[in-house]
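The values are calculated or read from the model by the stated rules, or taken from the named source; none is laboratory data. None of the values given here were measured: they were computed from a predicted structure. Cβ coordinates were reconstructed from backbone atoms using ideal geometry, including for glycine residues, and neighbour counts include every protein chain displayed. Heavy atoms of the whole protein, side chains included, go into the accessibility calculation; ligands, DNA and RNA do not. Shrake-Rupley method; radii C 1.70, N 1.55, O 1.52, S 1.80 Å.
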Amino acid sequence: MKMCSIASGSSGNCVYVGTEATHLLVDVGISCKRIMEGLQQLSLTGRDIDGILITHEHSDHIQGLGVMSRKFGIPIYATAGTIREIKKTSSLGKVEEELFHEIAADEKLIIKDITVNPMKISHDAAQPVAYRFQYGNSRMAVVTDLGTYDDYIVESLQGMNALMLEANHDVNMLQVGPYPYYLKQRILGNRGHLSNELSGRLLGRLLNDKLKAVCLGHLSKENNLAELAYETVRLEIAMGDHGYKPDDFNIFVANRSELSQLVEI
C-alpha cells in the first residue's frame, strides 16, 4: 500500500492512498488541474480513482470535488452531516446524487482490496472523520483537522505502519501573528487544529516497532514553518517516556503545493 500527499496545508489538501488495484483520494481541496498534475506524477489519471473520501466540508478539503466528480464520475464517501453540508456549497456546482455514499465513523467499508475505517475527530465541522486504511498487514492513517485527541483517537491509531498527522501551527507564532482574536481562539480550541507540540505528544503515544513513516501535514502558511514543525515533533519524541528516538522513524513534512515523499509499506 502506498500513501502520498499531493497537497497539504491550510490552503488545500489532497492525499493519495492506493495499491496496485485500488486508488483513493482523501479530500480534494485543490483544483482539478492540480490534482491531475499530481496524479500524473504517480502515473495515474482521474479515471483510475476508485473513490474520494471526504473528511469534512471545509473548502480546503472539497474545493475540487464538483469538477472531479463531473469529469470522472468518481464515488464520493462521506458522513451524512458532511454530505448535507457539501450539497449546500453552491461553489461546487451540481454533484450527481448517485455519486454520494454515506459512511459512518467506526463502520468499516471495503473499496476493492482496501479496508477503510473512518474514525471520529474533534473539529468545527458538521460530522468530521479521519481515515484508517488496511491492505493485508499494511496499515496507514490520514489524521488532520483535530483540535484535540483522547483515548479513543490513541486507541484507534495503534499499530500503524505509516501516518499522515496534523502539525498545523506553532502556538507562539499563532499568538503573535496577524489573525484576529476569534480565529486564534478557534484554532487553539478543542475543535480547531493540532499544534506542533500536541502533534508530537500524540505521535509519542502511537510509536510502535512497525511504524515506518510519519508525514506531518496541514501546516498553516501564516503560523508555522516546516522546519519548526519537524524539529518540535522530533523534540517531543526525544522527551517522551517510550523508549524510541526520533531517528528510529522517517519523519518528513508534506509540501503545500508539491508531491511529498511516497510512502510504501
Worksheet, complete the sentence: Matching residues in segment 42-66 (open to solvent by less than 20 Å² (accessible area, probe 1.4 Å), part of a loop (DSSP other than H, G, I, E, B) and touching a Leu at 6+ places or on another chain (Cβ under 8 Å)) number 2
Discussion item. Step by step: first the residues of segment 73-99, then only those that are open to solvent by less than 80 Å² (accessible area, probe 1.4 Å) and among the hydroxyl-bearing types (Ser, Thr, Tyr), then the one that is nearest to residue 125 (Cα to Cα). Which residue is that?
Written reply: 82
Discussion item. Among the residues that make up segment 233-241, is at least one of them surrounded by fewer than 16 Cβ atoms within 10 Å (Cβ to Cβ) and at pLDDT below 95?
Written reply: yes
Worksheet item: Do we find that residue 102 is without any contact (Cβ under 8 Å) to a residue 12 or more places away in the chain and either of a type outside the set (S, T, N, Q) or exposed (fewer than 13 other Cβ atoms within 10 Å of the Cβ) (or both) in this structure?
Response: no
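Per-residue answers, yes or no, for (1) polar (S, T, N, Q); (2) in contact with a helix residue (DSSP H, G or I) (Cβ under 8 Å, 6 or more places away or on another chain):
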{"site": "32", "(1), (2)": "no, yes"}
{"site": "37", "(1), (2)": "no, no"}
{"site": "45", "(1), (2)": "yes, yes"}
{"site": "57", "(1), (2)": "no, yes"}
{"site": "75", "(1), (2)": "no, yes"}
{"site": "78", "(1), (2)": "no, yes"}
{"site": "87", "(1), (2)": "no, no"}
{"site": "134", "(1), (2)": "yes, no"}
Worksheet item: What pairs can you find where one residue is in segment 227-244 and assigned to a helix (DSSP H, G or I), the other is modelled with pLDDT of 95 or more and hydroxyl-bearing (Ser, Thr, Tyr), and their Cβ atoms are less than 6 Å apart, with a gap of 6+ or different chains?
Response: 233/199
Worksheet entry | Complete set of residues in segment 108-138 that are in contact (Cβ under 8 Å) with a residue 40 or more places away in the chain, charged (D, E, K, R) and under 17 Å from residue 18 (Cβ atoms) | 112, 113
Worksheet entry | Answer residue from segment 181-199, given it is closer than 15 Å to residue 220 by Cα, of a type outside the set (Gly, Ala, Ser) and in a loop (DSSP other than H, G, I, E, B) and is most open to solvent (accessible area, probe 1.4 Å) among those | 193
Worksheet item: Which condition number in (1) assigned to a loop (DSSP other than H, G, I, E, B); (2) over 22 Å from residue 263 (Cβ atoms); (3) small (Gly, Ala, Ser) is the one that residue 69 fails?
Response: (1)
